[in-house]
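What follows is a single structure, written as structure tokens, with notes after it.
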Amino acid sequence: MSIRQQCGDAPGTVWFVGAGPGDPDLITIKGRDLIANAGAILFAGSLVSGTALRWAPDGCVIADSKEMTLEQMSAWLILQATEHRVVVRLQTGDPGLYGALIEVIQPLDVAGVPVRVVPGVSSAMASAAAAVESLTLPEVTQTVIFTRVEGRTPMPPGESLEELASHHTTICIFLSITLMGRVTRALLAAGWSADAPIVVVHKASWPDQEKIIRGTISTIQGLCRDQHVASQAMIIASPTLGARQWTSLIKSKLYDASFTHRFRRAVVAHAPLLSAKKSESV
Ligand code: SAH
């Protein structure tokens with residue numbers, strides 16, 4: 001369905017669109033089409049690459065939310081929705097992660113303004129991609145935690161990094177690069193080794209600006225300081241890091257030749273009479 005059909009004629013749907021992590025090519029096609037049809041766009045200038053705005057049509061009203069409060073953002077979006085059929089709130093990464101989505105939407109709901117959300121590529125995924133790391137590996141970890149450490153925003157009970165890290169899963173830590181000391185102390189307190197690898201990705205996917213810093217729990221803070229990385233960085237701690245160089249890897253059952261699943265029968269070269277393992281889920 002085209003954007004025009006989805007919006008109808010009634011004035012103003014506000015679309016919260018994930019702009020992706022920085023590379024303008026990493027916005028979804030739907031997000032790009034919404035920008036191209038927008039009457040007004042509110043973008044997070046401090047985080048979203050301005051290049052995404054190149055698809056905006058002539059005459060589109062464009063504002064930067066950098067210096068606005070939440071109330072001012074909602075008020076701006078409500079006002080624009082009275083005048084334009086497509087209003088876009090462009091957010092970094094995915095709008096559902098650390099994006100104040102609900103706080104901005106609630107006043108729109110009260111005002112009766114229709115709202116839709118278009119997902120985006122989160123910086124957590126872009127950082128893993130930049131470093132060519134897999135956040136899950138069979139029999140290493142099958143769980144990813146997205147979190148942050150406590151800064152001015154308090155963490156709810158049970159969600160301190162030390163508690164979360166005690167599971168020894170992959171942890172993608174947002175909004176915490178200036179609190180690296182706190183991050184490493186929490187990992188050590190949770191029983192991670194001082195030699196455990198850590199990857200920090202600064203401006204993942206931003207053309208010419210991306211930095212990938214590899215270290216260990218004991219070295220990463222100094223390495224980030226040396227490279228002047230103090231903002232827009234993802235910290236990834238994971239028992240999967242560096243697996244590309246491992247010589248022994250437990251491989252995924254999905255592609256195991258001896259494994260039958262919904263889309264492929266097992267190939268059993270030397271023992272054709274052996275019955276293959278069957279599984280729906282892998
Ligand atoms: N909604 C966003 C997160 C916004 S919070 C998302 O899904 O990615 C802002 C934090 O995201 C930053 O402090 C940083 O930790 C991370 N971040 C955003 N863009 C980034 C990028 N290009 N590279 C690395 N980290 C990034």
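The values are calculated or read from the model by the stated rules, or taken from the named source; none is laboratory data. This one's a predicted model, so the numbers in the text were calculated from it and none came from an experiment. Cβ: placed from backbone, ideal geometry, glycine included. Neighbour counts: every protein chain shown. Accessible surface areas use protein heavy atoms only, side chains included; no ligands, DNA or RNA. Shrake-Rupley method; radii C 1.70, N 1.55, O 1.52, S 1.80 Å.
Of note:
- Here 133, 162, 150 are screened, and the one residue that is open to solvent by 40 Å² or more (accessible area, probe 1.4 Å), within 16 Å of the ligand (Cβ to nearest atom) and out of contact with any Phe, Trp or Tyr (no Cβ under 9 Å at 6 or more places or on another chain) is 150.
- Counted residues, region 57-104 - those being at positive phi and exposed (fewer than 15 other Cβ atoms within 10 Å of the Cβ): 2
- Total residues in region 1-23, condition outside any strand (DSSP E or B), at pLDDT 90 or above, open to solvent by less than 20 Å² (accessible area, probe 1.4 Å) and not small (Gly, Ala, Ser): 1
- Here residue 117 passes the criteria (1) open to solvent by less than 50 Å² (accessible area, probe 1.4 Å); (2) within 16 Å of the ligand (Cβ to nearest atom) except the one numbered (1).
- Residue tally, condition touching an Asp or Glu at 6+ places or on another chain (Cβ under 6 Å) and loosely packed, with under 15 Cβ neighbours inside 10 Å, over region 175-206: 1
- Taking the listed residues 220, 213, 198, 171, the one that is under 17 Å from the mean Cα position of the chain (by Cα) and more than 30 Å from residue 267 (Cα to Cα) is 171, with no other qualifying.
- Only one of 225, 214 that is charged (D, E, K, R) and farther than 13 Å from residue 130 by Cα: 225
- Within region 167-195, the set of residues being touching a helix residue (DSSP H, G or I) at 6+ places or on another chain (Cβ under 7 Å) and of a type in the set (Gly, Ala, Ser) comprises 176, 181, 186, 189, 190, 194.
- Members of region 223-237 found to be surrounded by fewer than 22 Cβ atoms within 10 Å (Cβ to Cβ) and not small (Gly, Ala, Ser), listed by number: 223, 225, 226, 227, 228, 229, 232
- Restricting region 95-111 to residues that are within 16 Å of the ligand (Cβ to nearest atom) and of a type in the set (A, V, I, L, M, F, W, C), the residue that is nearest to residue 234 (Cα to Cα): 97
- Among residues of region 169-193 that are in contact (Cβ under 8 Å) with a residue 40 or more places away in the chain, those with a beta-carbon under 7 Å from a residue that is within 16 Å of the ligand (Cβ to nearest atom) and among the aromatic types (Phe, Trp, Tyr) at least six positions away or on a different chain give the pairs 172/146; 174/98; 174/146; 175/98.
- Inclusion of residue 162 among residues that are in a helix (DSSP H, G or I), among the acidic types (Asp, Glu) and over 28 Å from residue 197 (Cβ atoms) is not warranted.
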